[in-house]
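Peer 1: First the structure, then my questions, so here it is.
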Amino acid sequence: MPTATSWLTAAAATAIAAVAIVLIVWRTRRRRRRPGLPPGSFGWPLVGETLDFVSCAYSPHPESFVDKRRSLYGSSVFVSHLFGSATVVTADAEVSRAALQGEAARALVPWYPRSLTELMGNSSILLINGPLHRRLHGLVAAFFKSDHLKSQLTADMHRRLPAALAAAAQSSESPLLRVQHLAKSVVFEILVRGLIGLESGSEMQQLKQEFQEFIVGLMSLPIKLPGTRLYRSLQAKKRMARLIQRIIREKRAGRGAANLPPRAAIDVLISDGSDELTDELISDNMIDLMIPAEDSVPVLITLAVKFLSECPLALHQLEEENMQLKRQKTDKGETLQWTDYMSLSFTQHVITETLRLGNIIGGIMRKAVRDVELKGHLIPKGWCVFVYFRSVHLDDSLYDEPYKFNPWRWKEKDMSSGSFTPFGGGQRLCPGLDLARLEASIFLHHLVTSFRWVAEEDHIVNFPTVRLKRGMPIRVTKKINDD
Ligand code: HEM
């Protein structure tokens, strides 16, 4: 009869043998390198280098993951193993550009963690490829670029923002305004109106609430059982989709009554008339488009306020530029148009520098559908490529004193060079980039022309998404007679 000790010994021996086999297979994989693969290591069995990546991502310097390997391998392009996939990481501007645009980019399809793909669904603009992607991207991008939407968005901001700022500023004797929260609540409603044409009211409130439930699941464990985070987020998405599909049916029923220009992105997709653009596809995509409305744009605004609070010279110049425009317009009895905001050169430099230093979207992942070569580096079929914008934006060979907030650098620097890609590039270049800049410009204009503030201490958190730990609290005082 085997004793308990001999069982344990046998079990331990089996476990050790299993671990040894895994290690041998892993090491063999590492040794049998295919020509053209960049240098690097897969790290530990199963987890690869994910733990180091995540621990760096939680630190104030997420790019330290790349920095360590760059100095170890002497290359900004290296092999790793992240989130369960063999990956080539690129922190090289030229290689990154090749991954985003050109022939090779066609064989690289978007890759996101499981929880995100579950929640976004198979027909999301962020995931689909080929002709349907090009059609959807083209329709959405054309509408987002339209003068009509930019004018509507500017008028909406004028209606809501001063009132929201004033209300927050009057809430107590020494009011503490959390920029991130205020920006979220203002920007969400305005962009949702631009997306689905919904006005403020009970349905907007319902959508806001459901969206809060939805968005927290984006970075959850990919388990879809009742009660799990992902399950609850999927349920919230279903309820939002029902509401939006009802709006689509109403719009379809009322179509033809008037040949009015589209008021919202949803109108453009409905009137396209293609069988591929089903109600379900349209509603799913409208929800996906709310993600930057709720997250990226408010974070851009909040980061700009943080960086300005730490750089009085830049704040002063921004204030001067905006006060001058305000006075000019008041003297002529005119209201500001979207073109006025976009023509403020220093304000635009502040936004550009915030995008560079803040790295709201640190990087993007793609998966190779066949063997791909990027500037001499092989990405084997089935591998991922991680295009890490953050390391490029903070590269001291491309930017002098890269950690310094220096909006003036953009007076000379060319934004269209491949070393500045906060909005991605190529066929998937963010179609909302002008809207993001416009909303940030209007927000900053109203804040600096009507208020003074003293910022409280706050910290940037970089993972899983960029945000301010305390929401960027500032103590505001209303300016008297625009002093
Ligand atoms: C500061 C704000 C924003 C940042 C930093 C940002 C960044 C990005 C980046 C890096 C991509 C490329 C993703 C990829 O290549 O896989 C992207 C794509 C996209 N963005 Fe934005 N974005 C912002 C605001 C917006 C806004 C306001 C909208 C619209 C409401 C928007 C809609 C989209 C869409 C639809 C795509 C997918 C394009 C495609 O795959 O065809 N974004 N964004």
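Peer 1: Restricted to Cα positions, what overall size does segment 214-309 have along the principal axes? Three whole-Å values, descending.
Peer 2: 48, 44, 19
Peer 1: A further question follows. Quick one: order 375, 184 by neighbouring beta-carbon count within 10 Å, fewest to most.
Peer 2: Numbers: 375 14, 184 22.
Ranking 375, 184 by Cβ neighbours within 10 Å, fewest first, gives 375, 184.
Peer 1: Additional query: At a threshold of 8 angstrom on Cα-Cα distance, excluding pairs fewer than six apart, so keeping six or more, what relative contact order does the chain reach in percent? Write down the numbers at each step before the final one.
Peer 2: Values: 658 pairs, mean separation 110.3, N = 483.
It comes to 23 percent, rounded to a whole number.
Peer 1: Compute the FRET efficiency between residue 381 and residue 475 as 1/(1 + (r/R0)^6), taking r as their Cβ-Cβ distance and R0 = 56 Å, and round to the nearest 0.05. Walk me through the intermediate numbers first.
Peer 2: Working: r = 56 Å, r/R0 = 1.00.
In this case the efficiency is close to 0.50.
Peer 1: When you take every Cα atom in segment 130-478, what is the radius of gyration, and what is Dmax, the widest Cα pair distance, in Å?
Peer 2: Final numbers for Rg and Dmax: 21.1, 63 Å.
Peer 1: In degrees between 0 and 90, to the nearest 10, how far off the longest principal axis of the chain does helix 64-73 point, with axes built from Cα atoms?
Peer 2: With both axes taken from Cα atoms, the answer is about 50 degrees.
Peer 1: Can you give me the angle between helix 130-145 and the longest principal axis of the chain, using Cα atoms only, in degrees from 0 to 90, rounded to the nearest 10?
Peer 2: On a 0 to 90 degree scale, this one is about 30.
Peer 1: To the nearest 10 degrees, how steeply does helix 279-294 sit against the main Cα axis of the chain, on a 0 to 90 scale?
Peer 2: 80
Peer 1: Using θ = phi - 60° and the Karplus relation 6.51 cos²θ - 1.76 cosθ + 1.60, list the HN-Hα couplings for segment 188-193 in order, rounded to whole Hz, with x at every Gly or Pro.
Peer 2: After applying 6.51 cos²θ - 1.76 cosθ + 1.60, I find 4, 4, 5, 5, 5, 5 Hz.
Peer 1: What distance in nm separates the simple spin-label points at residue 271 and residue 412, each placed 7 Å from Cα in the Cβ direction?
Peer 2: That separation, rounded to one decimal, is 4.8 nm.
Peer 1: Hey, another quick one. Hey, got a sec? Which chymotrypsin sites (Phe, Trp or Tyr not before Pro) in segment 398-483 land in a DSSP loop and have at most 16 other Cβ atoms within 10 Å? Don't skip to the end; give the middle numbers.
Peer 2: On the way: sites: 399, 403, 405, 408, 410, 420, 423, 443, 451, 453; in loops: 399, 403, 405, 420, 423.
Loop-located and lightly packed - 403.
Peer 1: Same structure, new question: Starting from 0.36 nm per residue, how many nanometres of slack lie between residue 452 and residue 148 once their C-alpha separation is accounted for? Don't skip to the answer; put the middle values down first.
Peer 2: Details: separation 304, 0.36 × 304 = 109.44 nm, distance 3.26 nm.
That works out to 106.2 nm of additional length.
Peer 1: With 10 angstrom as the radius, rank 133, 61, 81 by how many other C-beta atoms surround their C-beta, starting from the fewest. Don't skip to the end; give the middle numbers.
Peer 2: Values: 133 18, 61 13, 81 25.
Lowest to highest Cβ neighbour count: 61, 133, 81.
Peer 1: If the limit is 27 Å between Cα atoms, which of 184/413; 150/208; 184/238 go over it? Provide the component values of the computation, followed by the final result.
Peer 2: Details: 184/413 31 Å; 150/208 22 Å; 184/238 23 Å.
Result: 184/413 exceed 27 Å.
Peer 1: At 222 nm, what value in deg cm²/dmol follows for the chain if DSSP H runs of at least 4 each add -39500 (n - 2.57) and the sum is divided by all its residues, to the nearest 500?
Peer 2: Numbers: 18 runs with 260 residues, N = 483.
When only DSSP H runs of four or more count, the value is -17500 deg cm²/dmol.
Peer 1: Tell me which lysines have Cα within less than 17 Å of residue 478's Cα, excluding those fewer than 8 residues away on the same chain?
Peer 2: 326
Peer 1: Sticking with this structure for a sec: To the nearest whole percent, what portion of all C-alpha pairs in segment 124-213 is separated by more than 17 angstrom?
Peer 2: Values: 2472 of 4005 pairs.
Tail of P(r) above 17 Å: 62 percent of Cα pairs.
Peer 1: Taking 0.36 nm per intervening residue step and subtracting the Cα-Cα distance, what contour gain separates residue 396 from residue 202 on full extension?
Peer 2: Details: separation 194, 0.36 × 194 = 69.84 nm, distance 5.02 nm.
Stretched out fully, the residue 396 to residue 202 stretch lengthens by 64.8 nm.
Peer 1: Follow-up question, since we're still on this one. Please work out the FRET efficiency for the pair residue 160 and residue 223, using the Cβ-Cβ distance as r and a Förster radius of 56 Å; give the result to the nearest 0.05. Mind dumping the intermediate values first?
Peer 2: On the way: r = 39 Å, r/R0 = 0.70.
After rounding to 0.05, the efficiency reads 0.90.
Peer 1: Let me ask something else. Which of 434, 331 has the fewest other C-beta atoms within 10 Å, and how do the rest follow up to the most?
Peer 2: 331, 434
Peer 1: Follow-up question, since we're still on this one. Rounded to the nearest Å, what's the spacing between the alpha carbon centres of segment 445-483 and segment 257-301? Just the number, please.
Peer 2: Taking the Cα centre of segment 257-301 as reference, the centre of segment 445-483 is 31 Å away.
Peer 1: Quick one: work out the % antiparallel among DSSP beta bridges in segment 130-478, nearest 5.
Peer 2: Values: 18 of 18 bridges.
Percentage antiparallel, nearest 5: 100.
Peer 1: What stretch of the chain, leaving out the sites themselves, is the longest with no GluC sites (Glu not before Pro) in a DSSP loop having at most 13 other Cβ atoms within 10 Å?
Peer 2: Numbers: sites that count: 103, 173, 199, 276, 310, 334, 412, 456, 457.
Between the exposed loop sites, the longest stretch runs 1-102.
Peer 1: So what J values fall out for segment 326-340 if you push phi through Karplus, 6.51 cos²θ - 1.76 cosθ + 1.60 with θ = phi - 60°, rounded to Hz, Gly and Pro as x?
Peer 2: These are the phi-based 3J(HN,Hα) values: 4, 4, 4, 5, 5, 4, 8, x, 10, 9, 6, 9, 4, 5, 4 Hz.
Peer 1: Further question on the same structure: Exactly which chymotrypsin sites (Phe, Trp or Tyr not before Pro) in segment 192-248 are in a DSSP loop and have at most 15 other Cβ atoms within 10 Å? Each step should come with its number before you reach the end.
Peer 2: Values: sites: 211, 214, 231; in loops: none.
Passing both the DSSP loop test and the Cβ count: no residue.
Peer 1: Once the piece of chain linking residue 329 and residue 239 is laid out straight, how much longer is it, given 0.36 nm per residue of separation minus the C-alpha distance between them?
Peer 2: On the way: separation 90, 0.36 × 90 = 32.40 nm, distance 4.46 nm.
Between residue 329 and residue 239, full extension yields an extra 27.9 nm.
Peer 1: Simple spin-label model, 7 Å along Cα-to-Cβ: residue 114 to residue 373 in nm?
Peer 2: A separation of 3.6 nm, rounded to one decimal place.
Each reported figure results from applying straightforward, stated rules to the coordinates on display, with no laboratory input. The model shown is predicted, which means the values in this text are computed figures rather than measured ones. A quick note on method: Cβ atoms are made from the backbone with ideal geometry, for glycine too, and the neighbour counts reach across all protein chains shown.
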